[in-house]
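To keep things clear, I will list the structure first and then write my remarks on it.
The values are calculated or read from the model by the stated rules, or taken from the named source; none is laboratory data. Every value quoted in this text rests on a predicted model; they were computed, and no experiment measured them. Glycine also receives a Cβ, built like all others from the backbone with ideal geometry; neighbour counts cover every protein chain displayed.
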Amino acid sequence: MTLRLMGANPCVTLYDGSEATAYASVWRVDWSLRGKGHALVLGTAERIRIIGPDVALGAWLGSEFNRHIGSVSAGIGWREPEFTLAPVRFELDLESGLRAAADDVVVEISDPIERYLTRKDDYDLGGTPNILSTVWIPCRQGSIAVGGNRLSGDIRLDETQPISSAFIAEAEVWCTADHPMK
């Protein structure tokens with residue numbers, strides 16, 4: 001087993017009916033095989049953007065992790081990302097939520113419902129088995145704004161489960177799996 005990444009990855013996916021309209025994945029990488037830092041990955045029907053101060057780290061996060069998330073397969077799709085060199089402001093409070101800003105993008109995730117320690121021992125990243133453990137915090141609110149305009153769509157929220165497409169993933173640890181995918 002090889003440790004690949006430790007950090008946080010709050011995310012929000014917006015939907016119009018069953019179709020994803022946009023997602024934002026905000027990274028705080030405390031340690032990884034590719035260094036540490038911040039990045040924001042924004043996916044819309046028009047394009048994929050990666051914003052951060054380190055193009056190599058952002059490209060690795062996008063290609064190794066974000067391109068395999070459910071929102072991509074739910075309608076947005078993955079294509080060659082556009083890179084913007086800019087700092088990422090990452091303000092996370094586990095009691096209230098996240099506010100992140102990079103270039104002209106602002107992501108807000110708030111009103112946590114619950115906190116769970118989760119582990120998936122066979123997370124498939126494009127045919128490569130990984131182990132993912134994280135403290136998963138579903139939230140009641142989530143939005144993405146670009147250039148001061150809020151993107152269309154709503155989060156999916158089911159408080160009875162509880163599950164949400166706006167969540168905070170803290171204490172996120174990715175490792176290669178020591179067994180083949182079954």
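Assorted remarks:
- Leading residue by the ranking (nearest to ILE113 (Cα to Cα)) among those in the range 153-165 that are touching a residue at least 60 places away in the same chain (Cβ under 8 Å) and within 15 Å of the chain's Cα centre (by Cα): SER165
- Checking each residue in the range 108-137 for being in a loop (DSSP other than H, G, I, E, B) and either touching a Phe, Trp or Tyr at 6+ places or on another chain (Cβ under 8 Å) or at pLDDT below 95 (or both) picks out ARG115, GLY126, GLY127.
- Residue match in the range 98-105 (condition: part of a strand (DSSP E or B), touching a Cys at 6+ places or on another chain (Cβ under 9 Å) and under 22 Å from GLU170 (Cβ atoms)): yes
- Residues satisfying the stated conditions in the range 153-175, i.e. of a type in the set (Val, Ile, Thr) and crowded, with 19+ Cβ neighbours inside 10 Å: ILE155, ILE168
- Checklist (1) among the acidic types (Asp, Glu); (2) assigned to a strand (DSSP E or B); (3) at negative phi applied to GLU80, failing item: (2)
- Filter result for PRO10 (farther than 21 Å from ILE168 by Cα, in contact (Cβ under 8 Å) with a residue 24 or more places away in the chain and crowded, with 19+ Cβ neighbours inside 10 Å): no
- Considering GLU19, GLU46, the condition of being in contact (Cβ under 8 Å) with a residue 40 or more places away in the chain and either hydrophobic (A, V, I, L, M, F, W, C) or within 19 Å of LEU151 (Cβ to Cβ) (or both) is satisfied by GLU19 alone.
- A single member of ARG140, ARG150 is of a type in the set (Lys, Arg), surrounded by 12 or more Cβ atoms within 10 Å (Cβ to Cβ), within 17 Å of the chain's Cα centre (by Cα) and modelled with pLDDT of 95 or more, and it is ARG140.
- Among the residues of the range 32-77, those that are buried (at least 16 other Cβ atoms within 10 Å of the Cβ), assigned to a loop (DSSP other than H, G, I, E, B) and not aliphatic (A, V, I, L, M) comprise ARG34, ASP54, PHE65.
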